[in-house]
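**Q** Handing you this structure, nothing more for now.
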Amino acid sequence: MCGIVGYVGQRPARGIVVDALRRMEYRGYDSSGVALIDGNGGRYVEGAVMTSIPPKRIKVPLLLGGAGAEALAPLLVELGFDAKVASKELGVSSAVKMCRSVMIKGLEAMVIECFTTARAYGVEDAVLASLKETFPGIDWEKQGAYFFQRVIEHGRRRSEEVREVAETVREIGLTPWSAEGTAERQAWVADLADRGLFGPKGTEAFARSADWRIEADRILAGIKPNNRDN
């Protein structure tokens, strides 16, 4: 889902690694790691950021993994991070994040599909009332608006992330139907955003509507009646 860049050699590693990271910039930096191994005893610790950075910022939950995780965790906590050790083995923190993404990014895609379809049929109030009855702890109006905002703004990166999540699922022998569908829906919304359907990117109003219906109506107005997924 996120990039790991390493370099082993005699040349100064920092510039090489930074340049490589720039080439992978489209993936985002919500979970990334760099090991500069230059013969001076460098240690690699993976870190998985477990939720959106705003509004917690430095206090966002951070899962660490690797042989150096236990030594690094208290140093990060002292700096104000909410860092916890998941395992001394590399890959465990990443696996937690990957599995979580099946659910979280899948929910985003499902909410956009469900709410937009309900809006088209004029049954959104009844659908939200039913969801509230089944899941009373979730404010579906607020959550829906947030999910629309996230996917409109970050759908391109998230679709690439979920494609890698799908590969993680496939590696254990499961066909990643849910993850693959999530990636397609996230990319589809990103395509609409690139076409300007949600307004100019980079403006204060872009992907900031507090009412998900505004964005759903834009989607419905912008897609063809007989070929709506193109």
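The values are calculated or read from the model by the stated rules, or taken from the named source; none is laboratory data. What you see is a predicted model; the values in this text were computed from it and never measured. Every residue, glycine among them, receives a Cβ derived from its backbone with ideal geometry; neighbour counts consider all protein chains shown.
**Q** Any residue that is without any contact (Cβ under 8 Å) to a residue 24 or more places away in the chain, over 16 Å from residue 111 (Cα atoms) and of a type outside the set (A, V, I, L, M, F, W, C) - is there at least one of those in the stretch 144-166? Lay out the reasoning, then the answer.
**A** If we filter the stretch 144-166 for residues that are without any contact (Cβ under 8 Å) to a residue 24 or more places away in the chain, which is where we start, we get 146, 163, 166.
When the remaining residues are screened for being over 16 Å from residue 111 (Cα atoms), the result is 163, 166.
Imposing the further condition that a residue be of a type outside the set (A, V, I, L, M, F, W, C) reduces the set to 163.
Yes, the conditions are met somewhere in the stretch 144-166.
**Q** Looking at (1) more than 23 Å from residue 150 (Cβ to Cβ); (2) at pLDDT below 85; (3) in a helix (DSSP H, G or I), find the lone condition where residue 39 falls short.
**A** (3)
**Q** Can you pull out the residues in the stretch 169-196 that are among the polar types (S, T, N, Q) and buried (at least 20 other Cβ atoms within 10 Å of the Cβ)?
**A** Filtering the stretch 169-196 down to residues among the polar types (S, T, N, Q) leaves 175, 178, 182, 186.
Matches in the stretch 169-196: 182, 186.
**Q** Working carefully through the options 166, 183, find the one that is under 16 Å from residue 102 (Cα atoms), touching a Pro at 6+ places or on another chain (Cβ under 7 Å) and assigned by TED's automatic domain parsing to the domain that holds residue 103. Step through it out loud before you land on a result.
**A** Details: 183 fails: touching a Pro at 6+ places or on another chain (Cβ under 7 Å).
After ruling out the rest, the residue left standing is 166.
**Q** Suppose the filter is more than 15 Å from the chain's Cα centre (by Cα), in a helix (DSSP H, G or I), of a type in the set (Gly, Ala, Ser) and over 22 Å from residue 52 (Cβ atoms); does residue 129 pass it? Please lay out each step first, then the result.
**A** Values: more than 15 Å from the chain's Cα centre (by Cα): yes; in a helix (DSSP H, G or I): yes; of a type in the set (Gly, Ala, Ser): yes; over 22 Å from residue 52 (Cβ atoms): yes.
Answer is yes for this residue.
**Q** Right, another one. Out of 167, 89, which single residue is acidic (Asp, Glu) and within 27 Å of residue 192 (Cα to Cα)? Full working, then the answer.
**A** Values: 89 fails: within 27 Å of residue 192 (Cα to Cα).
Step by step, each of 167, 89 is checked, and only 167 is acidic (Asp, Glu) and within 27 Å of residue 192 (Cα to Cα).
**Q** If you take the residues in the stretch 197-214 that are of a type in the set (A, V, I, L, M) and within 18 Å of residue 117 (Cα to Cα), which one is surrounded by the fewest Cβ atoms within 10 Å (Cβ to Cβ)? Steps first, please.
**A** Within the stretch 197-214, the subset of a type in the set (A, V, I, L, M) is 197, 205, 207, 210, 214.
Keeping just the survivors that are within 18 Å of residue 117 (Cα to Cα) gives 197, 214.
Working: 197: 16, 214: 12.
Among those that are of a type in the set (A, V, I, L, M) and within 18 Å of residue 117 (Cα to Cα), it is 214.
Yes/no per residue for (1) touching a strand residue (DSSP E or B) at 6+ places or on another chain (Cβ under 9 Å); (2) within 17 Å of residue 218 (Cβ to Cβ); (3) at pLDDT below 95:
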{"residue": "110", "(1), (2), (3)": "no, no, no"}
{"residue": "117", "(1), (2), (3)": "no, yes, no"}
{"residue": "120", "(1), (2), (3)": "no, yes, no"}
{"residue": "125", "(1), (2), (3)": "no, no, no"}
{"residue": "128", "(1), (2), (3)": "no, no, no"}
{"residue": "143", "(1), (2), (3)": "no, no, no"}
{"residue": "147", "(1), (2), (3)": "no, yes, no"}
{"residue": "167", "(1), (2), (3)": "no, no, yes"}
{"residue": "180", "(1), (2), (3)": "no, no, no"}
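**Q** Of 132, 105, which residue is among the basic types (Lys, Arg), surrounded by fewer than 16 Cβ atoms within 10 Å (Cβ to Cβ), out of contact with any Leu (no Cβ under 8 Å at 6 or more places or on another chain) and assigned by TED's automatic domain parsing to the domain that holds residue 196? If you could, list the steps in order and put the result at the bottom.
**A** On the way: 105 fails: surrounded by fewer than 16 Cβ atoms within 10 Å (Cβ to Cβ).
So the residue among 132, 105 that is among the basic types (Lys, Arg), surrounded by fewer than 16 Cβ atoms within 10 Å (Cβ to Cβ), out of contact with any Leu (no Cβ under 8 Å at 6 or more places or on another chain) and assigned by TED's automatic domain parsing to the domain that holds residue 196 is 132.
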